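The values are calculated or read from the model by the stated rules, or taken from the named source; none is laboratory data. Keep in mind that this is a model prediction, so the values were computed, not measured. Because the Cβ atoms are built from the backbone with ideal geometry, glycine has one as well, and the counts that use them run over all protein chains shown.
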Amino acid sequence: MNNRPDWLAHIILGLGVLLFVLPVWLVFAGSTQDPDAIARGALSPWLDPSGFGVYARVLSRGALGGQPVWHMLAISFAMALAIALGKIAISVTSAYAVVFFRFPFRRAAFWLIFITLMLPIEVRIIPTYAVMADFGLINSFTGLWVPLIASATATLLFRQVFTAIPDALVEAARMDGAGPLRFLRDIALPVSGANIAALFVILFVYGWNQYLWPLLVATDPHLDTIVIGIVKMIGVDSQTDWGAVMATTIIALLPPVIVVVAMQRWFVAGLTEGEK
Amino acid sequence: MATLDLLGLRKSFGSTEVLRPIDLSLQDGEMLVIVGASGCGKSTLLRLVAGLETPNAGRVILGGRDVTDLDPAERDIAMVFQNYALYPHMSVFDNMAYGLKIRGLTKAAILARVQETAALLGLSALLDRKPRQLSGGQRQRVAMGRAIVREPKLFLFDEPLSNLDAKLRVQMRADIKRLQKRLGVTSLYVTHDQVEAMTLGDRLLILHDGQPAQLDTPMAVFERPADMYVAGFIGAPSMNFLHGRLEDGGSAIRLQTGALIALPARYAGDAVVLGIRPEHLHAAPAGTVPYGGAAGGAPGGPDAGPGDSGDAPNALGTPSGALPVAVDLVEPLGSETLIYGRVIGGDDSIVVRLAGVAAVAGSILVSLRAEFAHVFDRATGRRLIPID
C-alpha cells in the first residue's frame, strides 16, 4: 500500500492548503496596503509593514462613520454565544424529554421537531419577522438571537447521544435515588460532554456567520454584527476604504478560529468517539 | 437485613406473559439464586423487586413493609448490574458516594462509609481512579461496593460475573459468597450459569418459561430434580434421557432398544423417561452382556445372559448389564473424558463421563448405576415418586 512517494502526498496537501490559505493571505496582505491602490485593482501579494495601523483604527473608530469594530465584535460574540448556548439548552431538554420520558405523542413531538429541519430561518423569515414585530423585539438584542435557537439538528444529535446511554446507567441512577433533573445534571450532561463541546463549536460558528436575519431584524447601527458591519463598509460609490474592510474581515475570522482551536481536542473527540 | 416476600407477582409485556404469578419467601440473610435460560423471566423478576418494572399484579413485601408502589430509591434495595453500570465520568469514590450524597448524608459520614467499604473490598488504593482505568474485576468490585456502601435491606445481583473471564469469575464467586455471608444481607442473585447457582445459593429457584420449576437447596435440586427441564438444566454435561416404558409392575424400564433395566423402586406410570447423569455411567468390562431382553425379546422372555435366572431383568449397577453405545465424539479433558454417542438400537443420544483418559473408538458398552437413576413421566415431564 505504501509504495507511493511521500512527495506526491505533500504536493497534493500543499495545493490544498494553498487553495484555502491564499485568499485569506491576500485579504491580510491587502489590509495593510494603500486603499486607493486596491480600489484601482493593484492588489499586491505582499505585506506592507507600515500599514498595520489600520487594525487599531478600525477596532477603535470603525470606518466611514460606522460603528467601531470592537463594538461589532462584542455584538457578534454575544449573539453567537447566545445562539450556541440557547440551541444547546433547548435541544438538550427536548431530546432528554423524548428519550427518557414516556408521554403521549412523544414520537409525534419528535417528528414535528425533526421536520423543522426543512424550515431554516431563510424560509420562515417573513412569519418569524412578523412574530418578532408583535413581541416588540425588532431592533433589540433579544430579537437578534431568539428566533435562531430552535434547532432540529442539535435535538437529533442529542437524541442519538442520549439513546446511546446504557439503560443500566439510567437504572443505576434510579436505584441511587437520582430524580430526572439530577440525572440530567449529574449523569447525562457530563457523559455527553464531548458531544456538547463539538456541537458548541459548530453552533458558535453558525451563529457568528449569521447574516440575513440580523440584517433584517436590526436596523439600529448599535446592533450591527461584524458580518453586517463589513457589508456596510463597502459603499456603493467609490468611497470604500478597502484597507479597513480587509482588516475587519481578518478580525472577523479570528474568534471562530480561536474557538475551534481552543476546543479542538474536545471537538474531535466528540465527533469521532462515542463515550461509553 | 430483612425478609423478602413476593405474593402472586405477575408481569406481562403486551400479550406476552413474562412472569406467571409467583410466590416466594426469603429469610433474613438468605441468598436465593434465580437460575434459568435466557428469556425465562429471571431478570424481569429481579427488576420487579427492584422497582424498575411495575408488576401487573402481586405485592413485594420487604421487611414486613409493602414496597410495591415505591420508587426504586425508596425501597432500600441495592443492585449490582451485569455491565456494572458505573458512572463513567465519576471517580470510584464518587461512584460509591453518589447514592449517599443524594440521601443527604454529611460529607464526613459519606467519607467514613466509602472508605470502610473500599477497605472491605480492597479498593482503597483505587478511589481516585475513573472506571475506564480499572480492570474488569476491579470494576466489578466497585459495582459491589456501590451496593454495599448503601447498607441496604436487600441485594440484587443481575448476572454480575458474566462479563469476567473464567478464572476471575471463580475467584469473584467465592468473594461474593464470603461477603454476603459476612454482611448477612438478604440477596437475590440472577444467573444463567448453573455452577454459579449451585455454589452461591442457599436455595435455588429454577425458572422455566416464566414459572417456577423448582425451589429447593442446590443439592436437593441436583439429586431430586422436579422435572426433566430442571434435570437437564442443572449439571454439566446435561443428564441423559433414555425413553422407555415401565414394566414388571413398575419396577423396570424397557428402553426403545428393547433393553430391560431394573429400578431400585416401583413407579406408577407407562411411558417414562429414564434420567441418568453422565458421571453415573461407566464403561462395562468387555464381554458384559446387554441388559435383559436386548435382542428384542418379549418382557420376561429368555434372557441373553449366561447363567441368568431367566425372567429376572439384570440387576442395575452390576457388571452383568450393559448398553451398547455408538461413539460419535470423544472429548479428552485430562482429568476426565466425555464421550458423546447414541444408544445402539434406539434414538436416544447419550453422554458418558469417564474418569481419567480413555481411549475409545467405534462403540463401547456402558452400564449404569441404578441408585442414581431418575424416572420422569414422558407426557408431563414431572419426576415420578416411588410408590413403595
Worksheet entry | Enumeration of residues in the range B:151-174 that are free of Cβ contacts under 8 Å to residues at least 40 places away in the same chain and crowded, with 18+ Cβ neighbours inside 10 Å | B:L161, B:L164, B:R169, B:M172, B:R173
Item to complete: Scan the range A:141-157 for residues that are assigned to a loop (DSSP other than H, G, I, E, B) and either of a type in the set (V, I, T) or at pLDDT 90 or above (or both) and jot them down.
Response: A:I149
Discussion item. Of everything in the range B:70-93, what is touching a Gly at 6+ places or on another chain (Cβ under 7 Å), free of Cβ contacts under 8 Å to residues at least 24 places away in the same chain and either more than 8 Å from chain A (Cβ to nearest Cβ) or assigned to a helix (DSSP H, G or I) (or both)? Give them in sequence order.
Written reply: B:L70, B:P72
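Taking A:I138, is it surrounded by 14 or more Cβ atoms within 10 Å (Cβ to Cβ), more than 12 Å from every other protein chain (Cβ to nearest Cβ), part of a loop (DSSP other than H, G, I, E, B) and among the β-branched types (V, I, T)?
Here the answer is yes, as A:I138 does meet what is asked.
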Worksheet item: Which of the residues spanning the range A:153-178 are crowded, with 22+ Cβ neighbours inside 10 Å and in contact with a Gly (Cβ under 7 Å, 6 or more places away or on another chain)?
Response: A:D176
Worksheet item: Using beta carbons and a limit of 8 Å, which pairs, at least six apart or on different chains, have the first residue in the range B:96-111 and under 17 Å from A:A173 (Cα atoms) and more than 9 Å from chain A (Cβ to nearest Cβ) and the second one surrounded by 15 or more Cβ atoms within 10 Å (Cβ to Cβ) and polar (S, T, N, Q)?
Response: B:M96/B:T117
Worksheet, complete the sentence: Per the filter on the range A:193-219, residues more than 10 Å from chain B (Cβ to nearest Cβ) and either of a type in the set (S, T, Y) or surrounded by fewer than 16 Cβ atoms within 10 Å (Cβ to Cβ) (or both) are A:Y206, A:N209, A:Y211, A:L212, A:L215, A:T219
Item to complete: Among what's in the range A:141-169 and is over 20 Å from the mean Cα position of the chain (by Cα) and under 22 Å from A:I113 (Cβ atoms), pick the residue that is nearest to the other protein chains (Cβ to nearest Cβ).
Response: A:I165
Discussion item. For the range A:105-122: of the residues being outside any helix (DSSP H, G or I) and within 19 Å of the chain's Cα centre (by Cα), which is nearest to A:V146 (Cα to Cα)?
Written reply: A:I121
Worksheet item: For the range A:200-211, does any single residue satisfy the condition of being touching a Phe, Trp or Tyr at 6+ places or on another chain (Cβ under 9 Å) and within 17 Å of B:I102 (Cβ to Cβ)?
Response: no
Worksheet, complete the sentence: The residue that is nearest to B:P131 (Cα to Cα), considering only those in the range A:179-190 that are within 9 Å of another protein chain (Cβ to nearest Cβ) and touching a helix residue (DSSP H, G or I) at 6+ places or on another chain (Cβ under 8 Å), is A:I187
Worksheet item: Within the range B:48-60, is there a residue that is surrounded by 19 or more Cβ atoms within 10 Å (Cβ to Cβ), within 30 Å of B:H208 (Cβ to Cβ) and more than 14 Å from every other protein chain (Cβ to nearest Cβ)?
Response: yes
Worksheet item: Out of all the residues in the range B:194-232, which are out of contact with any Leu (no Cβ under 7 Å at 6 or more places or on another chain) and under 22 Å from B:L121 (Cβ atoms)?
Response: B:T199, B:L200
Worksheet item: Taking the stated definitions as given, is B:R150 farther than 25 Å from B:S43 by Cβ and either under 29 Å from the mean Cα position of the chain (by Cα) or of a type in the set (D, E, K, R) (or both)?
Response: no
Discussion item. Among (1) within 11 Å of chain A (Cβ to nearest Cβ); (2) part of a loop (DSSP other than H, G, I, E, B), there is one condition B:D28 misses while meeting the rest; what is its number?
Written reply: (1)
Worksheet, complete the sentence: Picked from the range B:354-371 (must be assigned to a strand (DSSP E or B) and either β-branched (V, I, T) or in contact with a Leu (Cβ under 6 Å, 6 or more places away or on another chain) (or both)), the residue surrounded by the fewest Cβ atoms within 10 Å (Cβ to Cβ) is B:I364
Discussion item. Criterion first (closer than 30 Å to A:V27 by Cβ, of a type in the set (G, A, S), out of contact with any Pro (no Cβ under 6 Å at 6 or more places or on another chain) and touching a residue at least 60 places away in the same chain (Cβ under 8 Å)) does A:A154 satisfy it?
Written reply: no
Worksheet entry | Failed item in (1) under 25 Å from the mean Cα position of the chain (by Cα); (2) of a type outside the set (F, W, Y); (3) surrounded by 13 or more Cβ atoms within 10 Å (Cβ to Cβ); (4) not in a helix (DSSP H, G or I), with A:I83 passing the rest | (4)
